[in-house]
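Here is the structure we will look at.
The values are calculated or read from the model by the stated rules, or taken from the named source; none is laboratory data. Just so it is clear, the structure is predicted and the values come from calculations on it, not from any experiment. Backbone-built Cβ (ideal geometry, glycine too); neighbour counts: all protein chains shown. Side chains included, ligands, DNA and RNA excluded: accessible areas come from the protein's heavy atoms. Shrake-Rupley method; radii C 1.70, N 1.55, O 1.52, S 1.80 Å.
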Amino acid sequence: MATTPHAGSSTDICAQMKHDAELEKKELKDERKKLSELKVKLQHETNPIKAQQLREEIEQLEIRIKLDEAQLQVLLEDIAANCSGL
């Protein structure tokens, strides 16, 4: 059964927020690894069309990483503000 913020205790909510933060950190790590791989691939790409596609993919991934980092920062700030001492 899914819980809403009003249905669970603050300990449960904090545990879920911390779990979400750990998942987000892992996703960011995976995205950064993929970004590094794409940059290496771009360095070796000789086809200009494929190189442009790689540059666009890299740019989109960089934007997604920045957004994910911002979301993680907000989540970590929420945890720090609401879950201290739990």
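Among the criteria (1) closer than 30 Å to Asp12 by Cα; (2) free of Cβ contacts under 8 Å to residues at least 40 places away in the same chain; (3) polar (S, T, N, Q), the one Gln43 does not fulfil is (1).
Residues checked against (1) over 21 Å from Leu28 (Cβ atoms); (2) part of a helix (DSSP H, G or I); (3) among the aromatic types (Phe, Trp, Tyr):
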{"residue": "Thr46", "(1), (2), (3)": "yes, no, no"}
{"residue": "Lys50", "(1), (2), (3)": "yes, yes, no"}
{"residue": "Gln53", "(1), (2), (3)": "yes, yes, no"}
{"residue": "Gln60", "(1), (2), (3)": "no, yes, no"}
{"residue": "Lys66", "(1), (2), (3)": "no, yes, no"}
{"residue": "Glu77", "(1), (2), (3)": "no, yes, no"}
{"residue": "Ser84", "(1), (2), (3)": "yes, no, no"}
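Only one residue in Ala51, Ala70, Ala80 is under 20 Å from Glu22 (Cβ atoms), open to solvent by less than 90 Å² (accessible area, probe 1.4 Å) and at pLDDT 95 or above, so which one is that?
Ala70
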